[in-house]
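Scroll down for the structure; my scribbles are underneath it.
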Amino acid sequence: MKYFTLPTTSDTPEAVVLGAGNYPQHALPLASLHRCPFVVCCDGAADDYSNRQGATPIAIVGDGDSLSETARTRFPDRLFLDPTDQETNDQTKGVRYCLAQGKTSITILGATGKREDHTLGNISLLMEYMNQGVDVRMITDYGVFTPASGDATFQCYPRMQVSLFNFGAIHLHGEGLSYPLRPFNNWWQGTLNEATGDQFVVHATGKYLVYRAWDYPTASRNGTKR
């Protein structure tokens with residue numbers, strides 16, 4: 001049975017794809033960004049990354065529609081742009097670049113916020129990346145999304161808020177959660193569950209997406225209660 005740990009500030013991801021959504025503010029995604037030696041920026045994120053981190057991305061990918069002239073000038077040898085490919089979004093281009101470089105464990109940051117349609121699309125794509133054999137997770141300022149298939153155990157802590165989104169799984173049930181799981185038909189039906197201990201188990205035939213929220217309800221982001 002696969003075991004999914006929680007991110008920590010001491011983790012060093014193999015690769016990070018940084019999207020052009022809201023730039024990370026919470027200590028956990030920021031730590032992943034600081035520590036990762038292989039950061040790929042979707043085109044609109046290049047300026048934020050270089051300015052805020054004082055670092056140079058390994059690559060800048062996308063269709064170039066939101067890439068600044070400053071980034072084009074500063075990083076001409078880091079540009080891997082394909083304006084003709086409109087069948088994939090910038091996040092997927094970033095994942096494909098990582099895979100082409102032999103990176104199969106990928107953390108996605110900066111993929112939420114701003115336009116809600118982009119946020120939903122980016123989250124749903126996690127299932128496709130898992131289908132391609134990628135060990136992927138998406139860390140936000142508020143929690144972590146993890147795609148999974150079959151039986152799996154998830155690290156947590158008591159009263160941690162948990163949501164599960166069904167992507168066709170059947171025979172779905174859980175252990176270590178306050179409320180029972182079943183093969184939900186709508187995304188909202190599996191939201192706002194709660195862990196009872198330091199791990200919970202999902203039993204399923206098929207695929208699903210798990211969201212674990214940080215320190216609910218008293219966690220702080222930059223010292224401010226949410």
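One residue stands out in segment 24-46 among those that are surrounded by fewer than 20 Cβ atoms within 10 Å (Cβ to Cβ) and touching a helix residue (DSSP H, G or I) at 6+ places or on another chain (Cβ under 8 Å): the one that is modelled with the lowest pLDDT, namely 34.
Could you tell me whether residue 169 is among the hydrophobic types (A, V, I, L, M, F, W, C), part of a strand (DSSP E or B) and buried (at least 18 other Cβ atoms within 10 Å of the Cβ)? Answer is yes for this residue.
Residues 125, 109, 99, 164: which one is farther than 23 Å from residue 15 by Cα, modelled with pLDDT of 95 or more and not polar (S, T, N, Q)?
From the options 125, 109, 99, 164, the qualifying one is 164.
Given the residues 142, 157, 179, which is the only one that is hydroxyl-bearing (Ser, Thr, Tyr) and more than 29 Å from residue 18 (Cα to Cα)?
So the residue among 142, 157, 179 that is hydroxyl-bearing (Ser, Thr, Tyr) and more than 29 Å from residue 18 (Cα to Cα) is 179.
For residue 159, which of the numbered conditions (1) farther than 21 Å from residue 8 by Cβ; (2) over 18 Å from the mean Cα position of the chain (by Cα); (3) basic (Lys, Arg) fails to hold? Checking residue 159 against (1) farther than 21 Å from residue 8 by Cβ; (2) over 18 Å from the mean Cα position of the chain (by Cα); (3) basic (Lys, Arg), the one that fails is (1). With respect to the stated conditions, residue 10 fails to be among the hydroxyl-bearing types (Ser, Thr, Tyr) and buried (at least 21 other Cβ atoms within 10 Å of the Cβ).
The values are calculated or read from the model by the stated rules, or taken from the named source; none is laboratory data. Please read all numbers here as calculations on a predicted model, not as lab measurements. Here Cβ is always computed from backbone atoms with ideal geometry, including for glycine, and neighbour counts include all displayed protein chains.
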